[in-house]
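Structure, as structure tokens:
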Amino acid sequence: QVQLVESGGGLVQPGGSLRLSCAASGSIFSLAAMGWYRQVPGKERELVAAISSGDSTNYANSVKGRFTISRDNAKNTVYLQMNSLKPEDTAVYYCNAKLWGINAWGQGTQVNVSS
């Protein structure tokens, strides 16, 4: 069982930055593929960024060059650094962990980009 707790969301002006954190329980974190997803009302949840256990990363085209995903296995934490934020980045952001038969989600953290 993996439990995920996100933090770091909030209100930011366009062009600003936020860093989201996702703390994971359990001893298998370093083996898990981790991802950040986002969802707005009426739309499907979409992948924003992912990082493998070997630190390979991939990003949605809409965030390439602006967002950076990273992980600290010693702290069981994955981060999403979001720069040059746009109003269209407004969403609930969810952390995800995948390993073997596990597909765990956090509760989500709201990000609002507005002037």
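The values are calculated or read from the model by the stated rules, or taken from the named source; none is laboratory data. The structure displayed is predicted, hence computed values, not measured ones. Cβ: placed from backbone, ideal geometry, glycine included. Neighbour counts: every protein chain shown. With ligands, DNA and RNA removed, areas are computed over all heavy atoms of the protein, side chains included. Shrake-Rupley method; radii C 1.70, N 1.55, O 1.52, S 1.80 Å.
One quarter of the convex hull surface built on the alpha carbon atoms of region 1-66 amounts to 5.8 nm², the projected area averaged over directions.
Write down the percent of antiparallel bridges among all DSSP beta bridges whose residues are both part of the chain, to the nearest 5.
Values: 38 of 41 bridges.
In the chain, DSSP labels about 95 percent of beta bridges as antiparallel.
Per residue, the chain exposes an accessible area of 52 Å² to a 1.4 Å probe, with every protein chain left in place.
Binning all Cα-Cα separations of region 50-113 at 10 Å, short to long from zero, yields these whole-percent fractions: 18, 51, 28, 3.
At q = 0.13, 0.18 Å⁻¹ the log10 of I(q)/I(0) for the chain amounts to -0.44, -0.84, computed by Debye summation with a single uniform scatterer per C-alpha, solvent ignored. The magnitude of the dipole of the chain, with charges of +1 and -1 set on the Cβ of Lys/Arg and Asp/Glu and taken from the Cα centre, is near 80 debye.
Solvent-accessible area of the chain (1.4 angstrom probe, protein heavy atoms only): carbon and sulfur portion equals 48 percent.
Look at where the Cα atoms of region 12-38 and of region 64-115 average out, and the two centres are 4 Å apart.
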